[in-house]
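To start, the structure itself, in structure tokens.
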Amino acid sequence: MPIDISETGPYNFSSTELKWQDFWLKNDSFGTDYSSSKQKYYVLEMFMYPSGKVHIGHVRNYTIGDIIARYKRAKGFTVLHPAGWDAFGLPAENAALKSGMHPDDLTRKNIAVMKRQMLSLGFSYDWKREFATCDKEYYAFQQKIFLAFYKKGLAFKKKSEVNWDPVDRCVLANEQVIDGCGWRSGAPVEKRMLSQWFLKTTEFADELLEELDNLPGWPEKVKTMQRNWIGKSEGCSLIFKTEDGEEITVFSTRPETVFGATFLAISPDHPLTGRLAETDGRIKAFVENFKKGSVAQEFLDKQEKIGVDTGLRVRHPFTDEKLPVYVANFVLMNYGTGAIFATPAHDERDYAFALKYGLPVKRVVDSPQSIAELPYSGDGVMVNSGFLDGLSAVEAKEAVILKLCEIGVGRRKVFFRLTDWGVSRQRYWGCPIPIVRCDRCGIVPLEESDLPVSLPADVTFSGSGNPLDNHPTWKYTKCPRCGGDAIRETDTLDTFFDSSWYFLRFCVNDPNNGNLLEKRDIARWMTVDQYIGGVEHAILHLLYARFFSKALCECGFIDVREPFENLFTQGMVCNATYRRENGDWLFPEEVRKKPDGEYEVAATGEKVIVGHFEKMSKSKKNVVDPDEIVKNYGADALRVFIVSDTPPDRDFPWSDEGLEGCWRFINRVWRLFVYMKSCGICAEECSRMPKADDLASDIQKLYKDFQRTIKNVTDSVEERAMNKVMAHIRDGVNSVYALLEEAEANKEVFSVIVRDLIKLLAPIAPHICEEAWSMLGFEKSVSESSWPEYEKKYLEVSVINLPVQVNGKLRGTIVVDIDEDEKSVSEKALQLPSVQAALAGRTPKKTIFIKGRIINFAP
RNA sequence: GCCCGCGUGGCGGAACGGUAGACGCUACAGACUUAAAAUCUGUUGUCCUUUCGGGCGUGUGGGUUCGAGUCCCUCCGCGGGCACCA
């Protein structure tokens, strides 16, 4: 008869959670122990932008990190688990423009609100290391870094065409332009010529690419994205000459096809095109028409390949043929040399162009099947190619490069897609660039003694121009070199600059000594052992941070070239979406399910269109507020839910029923703990645990099964499969529930099992576990206890249910000893009626027997 | 177009090449209750069968194997990244 423990009052999560959050803060439970001799472990979640409120996506990110941090502490590591704020940025300034509130006040206010939310979720942070990137000490040091980069040539100013976001009225880096639009504003980006500060990311292009191979702890997906972004192409440059000595340098990754070149094509932006346009009206008209074109992807996809003959003719270096030179719209100035030799037979674009303008197509690579299909871009054997004939394409590539070098018209060349990182932003709310412009001395870096360059507090946001530039006095200063009048740089740094080294700042034990890159501290804590964040930063932040580590090494600040040992990218939190027929979004509480399974608007009975699960967003009205959930169900229930069911790297489908289920689970374990206490389960009993072998059979089985649970939970945490962690913990709870009536008579065993159960659940639901831990009389707090060890010998069972197959089909199971031999197992198995039926009187020709695993008869 | 990843019940998802569907959600039933809620206990891939049991089942078609959700090839579908990149 099952024992009824439903009378236990409900678990009072709100007072319990507050009590333990308070306890952790007061006891500095998660402070970083600098002097410990234990092995270090640095867990870091991507820090937060103080937008105003914590959203569920944050909860997921930080819960995953917190589980790892708490687990590693229990495993005996000394853990660094900090939190901070990525506090500079446009939204605060835009809000200031609207509301009149100063960005600093707004940011501090948002941080206060969000910190309270974070505390209410019970994350185990070392809050003593908290800081915001808008703190003066932080950005002052950042200016020092900028100066060091400047001295090393890693930061430089140049006039160039930049991406201008007309809505944010600000320059964007290439990485911040998605499909021709600004990453934040979504507005189509314009091209402008501006003098801008850049960081020389290309300096480390090769290292950024190659080091990816030494990051086994990163998702393959992210590494692939970075490889594509860096975009290394190896080939050679090649000079073509006209009769009158004009030289055109082209770049090719397939120089072996040079014998198939039938014309040259240069970009409309090529300098030569510009010169020709001065005298040739047709070229001028073509270029002007080209510049009107959009850069939007849909436009480019549909864009026909068109061009104009320049009339120039160049000499083929090997055949002496005269090749025409075209200006063509499909040749990009910002890649390679802005000029190509075209091989229509082996390139789709060249082929389309050649067909349109009646240019010859000359095949030089024979496909292995000799199929005539053109253009052919695969591997094969060289033909019609003079000294390359008969070579494979790969051999020919080497041979032709050697030859071109030898005759002095070609050079081996590598091009990267990666460009230098533009970091100037024409905005107030960012780190000022510590540079002045002096009429006499030009661009002059400030001396370290002049730092910090502080943001002026008294600014007005007019909505036009840069507030720093508009400030009446701020920018006027003296030149540190000559002492004459000078003007400060009024651009501020891209906020991705701020987030590129914050993880190093967290390492510093005493930020008051002014050195935020204290080498000894960084050596102690770096690299980040586990970094966790959204995949949307796969390129932007993660590439910049990697660049920074290398650049800081070059400047002698640190010695760690790769910052993140293991990276975990969690999926998005999604929720159902509902719309009216006219397309307006509806809140979930506005709709009602009808008996026929369709949905209607609760108030009016209008038809509702049920959309897909989409990423939670205010505009789609499918967000849920973490505050509300913590208030109604508690942080533990939310934490349990957000890691249950779905693997953390996949998108998480929100469901209110699922959350309810986790709330029931929290209460279920609470009733278990209360009932156990009433049975006399307590800390003391643990020491009286008898040898497991001496236990009654069902209790012994429970104990042994629980050893398996400990192993399963441990393995699942290690593989970051938090959904499996929860499943295995539930298994453990269920098996204890199944033997509730035995608890009182077996206090010792149940005490040990319950103790370990609390430890297993504590990283996910820390509050309820602390409460149970203290209720059952355990010492200290569960946060300070060690991770349970399982007894390996009990994982092995001696008697098993062995599957019996005939021809690979399951026909039954038999109970055998784990190491019972084939003869004995075979005899038992053959007696199964189902096996005899399947064999139908035949004698098995072959028996496959794997001890302790399976037996399979093949007739 | 190129490069990744993924297709398993009504749903989220488990499964060292060896008993497919753990764990949970939903739904249904039973116990408790005057009743409801809560709780506890069952059932819940599908088809045939009163039962026992059996057939079919991991996107499609093939292959390797005693044995395939898992390995190999083909195709289809979904998601993501890159993209006139020479």
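The values are calculated or read from the model by the stated rules, or taken from the named source; none is laboratory data. What you see is a predicted model; the values in this text were computed from it and never measured. Counting neighbours? That spans all protein chains shown, and the Cβs are built from the backbone with ideal geometry, glycine included. Ligands, DNA and RNA are excluded from the accessible area calculation, which covers all protein heavy atoms including side chains. Shrake-Rupley method; radii C 1.70, N 1.55, O 1.52, S 1.80 Å.
Rolling a 1.4 angstrom probe over the range A:60-125 with all protein chains present gives an accessible area of which 57% lies on carbon and sulfur atoms. For chain A, the Kirkwood estimate of hydrodynamic radius, built from reciprocal distances between every pair of different alpha carbons, is 32.6 Å. For A:K305, the lysines whose Cα falls under 28 Å of its own Cα, not counting residues fewer than eight places away in the same chain, are A:K191, A:K232, A:K241, A:K284, A:K291, A:K292, A:K322, A:K356, A:K362, A:K397, A:K413. As a fraction of the 1.4 Å probe accessible area of the range A:376-431, surface on carbon and sulfur atoms comes out at 55 percent. Note on the range A:113-165: with charges restricted to the Cβ of Lys and Arg (+1) and Asp and Glu (-1), its dipole about the Cα centre is near 300 debye. The slack between A:Y335 and A:A837, meaning 0.36 nm per residue of separation minus the straight C-alpha distance, is 173.5 nm. Using only the Cα atoms of the range A:455-531, build the gyration tensor, take square roots of its eigenvalues as a ≥ b ≥ c, and label the shape rounded, prolate or oblate: rounded if a/c is under 1.5, else prolate if a/b is larger than b/c, else oblate. In terms of gyration-tensor shape, prolate.
Going by a ≥ b ≥ c, the root eigenvalues of the Cα gyration tensor, does the range A:645-728 fall in the rounded group (a/c under 1.5), the prolate group (a/b larger than b/c) or the oblate group? Oblate.
In the range A:148-292, carbon and sulfur make up what percent of the accessible area (probe 1.4 Å)?
Working: 3310 of 6800 Å².
Result for the range A:148-292: 49 percent of the exposed heavy-atom area is carbon or sulfur.
Each Lys and Arg adds +1 at its Cβ and each Asp and Glu adds -1 at its Cβ; summed about the Cα centre, the range A:39-175 shows a dipole of about 500 debye. Legend: residue pairs A:K19/A:K724; A:K809/A:K846; A:K157/A:K200; A:K677/A:K704, Cα-Cα distance threshold 19 Å; pairs beyond threshold, A:K19/A:K724; A:K677/A:K704. For A:T337, the residues whose modelled amide H falls within less than 5 Å of its own, excluding neighbours fewer than 5 places apart on the same chain, are A:F251.
Lys/Arg Cβ at +1, Asp/Glu Cβ at -1, dipole of the range A:44-98 taken about the Cα centre: which of A:T78, A:V54, A:A96 is farthest positive-ward? After comparing all options, I get A:T78. Charged side chains reduced to their Cβ positions (Lys and Arg at +1, Asp and Glu at -1) give chain A a dipole of some 740 debye around its Cα centre. Need one value: the accessible area of A:H58 in square angstrom, 1.4 angstrom probe, rounded to the nearest 10. That residue has around 30 Å² of solvent-accessible surface.
In square angstrom, what is the accessible area per residue of the range A:640-764 with a 1.4 angstrom probe? Don't skip to the answer; put the middle values down first.
Numbers: 4920 Å² over 125 residues.
Result: 39 Å² of accessible area for each residue.
Which part of the range A:85-118 falls in the paramagnetic zone of A:E137, meaning amide N under 16 Å from the point 7 Å along Cα-to-beta-carbon? A:85, by backbone N distance to the label point. Ligands, DNA and RNA are left out, and with a 1.4 angstrom probe the accessible area of the range A:470-512 is 38 Å² per residue. Dipole orientation for the range A:724-815: of the candidates A:L776, A:L761, A:V797, A:V797 has the Cα lying most toward the positive pole (charges on Cβ; Lys, Arg +1; Asp, Glu -1).
An ellipsoid equivalent to the range A:664-782, defined through the eigenvalues of its Cα gyration tensor, has semi-axes of 21, 17, 13 Å when rounded to whole angstrom and sorted largest first.
Candidates A:S735, A:I642, A:F496 compared by Cα position along the dipole of chain A: farthest toward the positive end lies A:F496, with charges placed on Cβ. A:R842 contributes an accessible area of around 130 Å² to the protein surface, as traced by a 1.4 Å probe with all chains present.
Relative to the current alpha-carbon distance between A:M225 and A:T249, full extension at 0.36 nm per residue lengthens the span by 5.6 nm. Could you please state, rounded to a whole Å, how far the C-alpha centre of the range A:539-603 is from the C-alpha centre of the range A:184-224? Result: 20 Å between the Cα centres.
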